[in-house]
Every structure is written in C-alpha cells, then in structure tokens.
Amino acid sequence: MKVEILTLFPKFFDSVFDQSILSRARASGALEISVHDLRRFTTDRHQQADDYLYGGGPGMLMKPEPIFRAFEQLVAGVKPRPLVVYPSAQGKRFTQAAAAELSQQQHLVFLCGHYKGVDQRVVERWVDLEYSLGDYVITGGEIATAAMVDAAVRLIPGVLGDAGSAAGDSFQGDRLDCAHYTRPERFEGMDVPGVLLTGNHKQIECWRRMNSGFLTQTRRPDILKKQ
C-alpha cells in the first residue's frame, strides 16, 4: 500500500510511522509512506496557506490554491486514481469496517485539515471520503490520519505476525473483544480466570464468547442494537 499525506505539519509524522507494526510494515515493503508539506505548494514569500473566513467569524481556513496545486501534482493523471481521504468532523464515523475497506486500497492520499478545516471547494473537487474519529473536535487532521492509517495497515495480510490476530479484535465481529490475561497467574491478589488455565480449548472459547458478549452489552450496547 502506498500512502501519501498532505499536511502543514510534516514533522508530526517523523516518529509515528517509525514504531512497532507500522515500522515493520514499511521495512517489509507492505507500506510506503510519503509526507508532503503543503507550504511547498504556496507561491508567496510568506508561504501563506490559510486566510480569513468569508462571511466573518473567528478562526482561519486553509486556502484552496496550495491544496489544488498539490493534488494536481500528486493525483491528477495518476492511474488508477488514488483514493483521497479527508479526516473531518463533518465526515461519517470511522469504523473497523471502514478500516478494512481502506486496507484493500493500493494508493491512498490523506489531506490533513487545520484551523477551521479546508475551503469547501477542495472537498468538492478532490475528496472521495470524509471520516470522523468520533463526536469530538481535535486541532488538526494529523492525529486522525495517523490513527486511520494504523487501523488500515494492520489489516493488510502479512503485516501482523499472527494472521489470526486481527480476527478477534474489538469491532471485527460487531462486538468488543474479550478480556485477556498473561503471567503471572496471581498478581496483587487478583487471579486469572481458572478456565483459561485448563487447556480445554472448547471451554476457553466459550468463556471468551460469553465475556465478549458481556463487555459489549455493558459497555457498548449500541453495537448490539445494530445487529
């Protein structure tokens, strides 16, 4: 998978993709990352990439000209055309299913908004998908982009060491994952559930399904209502 990121703050990503699973994905060739500084696509001496809002009001908005130039250089004429994703509070909720769809793409371009976001004409001309991490607002699209890339890349076959590791993740089967334990067997007066120590895989699987259902029902009943 090739991922390109358009941002005003390229240094944000300096260490994000050099850690853990994402680092291994890059080393194996499963992931190729390119981060582009949007200020390189400005034409004035001050490299201005934002301006005041038409109609007044507080805050600044990212200008369309630098972003259009960036897309014309990176996207226009590229075949097949990469899928352009814009993390935005106005977007639909980003889910595990959305991550799975992105993981099947060969070429993704993420546009990181900042301030009040980007000029709407950018969205209308270039953006294919708008996603929101949740019902809250963060300073810019960099954090959301990093989260979405991570969620998608770990679903690419071969990225995780254990092919079945992602299969039991929360939201993968429309429910939360069960609780997990490791050594020691007893810690601070708390014991590992006995069934997990029996070696009886049928009983263990049954316990995990029940625990998963209990956690989903008590913490995220909204997930069960969708089924």
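Read-outs throughout are calculated quantities, based only on the coordinates presented, and are distinct from any laboratory measurement. Since the model is a prediction, treat every value here as computed from it, not as a measurement. Note that we place each Cβ from the backbone using ideal geometry, even for glycine, and neighbour counts take in every protein chain shown.
Here the relative contact order of region 2-153, from alpha carbon pairs under 8 Å that lie six or more residues apart, stands at 29 percent. Dipole of the chain (Lys/Arg Cβ +1, Asp/Glu Cβ -1, origin at the Cα centre): which of 176, 190, 139 lies farthest to the positive side? So the residue we want is 176.
Counting charges near residue 48 (Lys, Arg +1; Asp, Glu -1) among other residues having Cβ under 15 Å from its Cβ returns a value of -1.
Each DSSP beta bridge with both residues in the chain is either parallel or antiparallel, and the antiparallel ones are about 25%. Among 33, 204, 143, the largest mean-square fluctuation in a Gaussian network model of the chain (Cα springs under 10 Å) belongs to 204.
Relative contact order, whole percent, for region 174-225 stands at 55, derived from Cα pairs under 8 Å and 6 or more residues apart. Say the cut-off is 31 Å between C-alpha atoms; which of 11/63; 11/116; 63/92; 2/63; 92/202 go over it? Pairs exceeding 31 Å: 92/202.
For region 2-153, the residue among 16, 38, 56 whose Cα projects farthest onto the positive side of the dipole built from Cβ charges is 38. When GluC sites (Glu not before Pro) are flagged only if DSSP places them in a loop and at most 12 other Cβ atoms lie within 10 Å, the longest unflagged stretch of the chain comes out as 1-184.
Cβ crowding within 10 Å ranks 68, 187 as 187, 68, fewest other Cβ atoms first. In terms of surrounding Cβ atoms within a 10 Å radius of their Cβ, 178, 112 rank from fewest to most as 178, 112. Using R0 = 25 Å, the C-beta based FRET efficiency linking residue 135 and residue 43 works out to 0.10. Roughly how big is region 106-149's charge dipole about its Cα centre, with Cβ charges of +1 (Lys, Arg) and -1 (Asp, Glu), in debye to the nearest 20? My answer is approximately 120 debye. Of 27, 89, 147, which has the largest mean-square fluctuation in a 10 Å C-alpha GNM of the chain? Taking springs between Cα atoms under 10 Å, the residue moving most is 27. The residues neighbouring residue 131, those whose beta-carbon lies less than 15 Å from its own, together hold a net charge of -4 under the Lys/Arg +1, Asp/Glu -1 convention.
Quick check on region 174-225: take the gyration tensor over C-alpha atoms, sort the square-rooted eigenvalues as a ≥ b ≥ c, and tell me if it's rounded (a/c under 1.5), prolate or oblate. Oblate, since a/c reaches 1.5 and b/c is not below a/b.
Between residue 73 and residue 187, the FRET efficiency from the beta-carbon distance, with R0 = 45 Å, is close to 0.20.
Sum -39500 (n - 2.57) across every DSSP H segment of at least 4 residues in the chain, then divide by the residue count to get the 222 nm mean residue ellipticity, nearest 500. Value at 222 nm, helices only, nearest 500: -9500 deg cm²/dmol. Evaluated with a Cβ-only charge set (Lys, Arg +1; Asp, Glu -1), region 2-153 carries a dipole of roughly 220 debye about its Cα centre, given to the nearest 20.
In region 79-153, Cα pairs under 8 Å separated by at least six residues give a relative contact order of 49 percent. Computed about the Cα centre, the dipole magnitude for region 66-219 is approximately 220 debye when only Lys and Arg (+1) and Asp and Glu (-1) carry charge, each at its Cβ.
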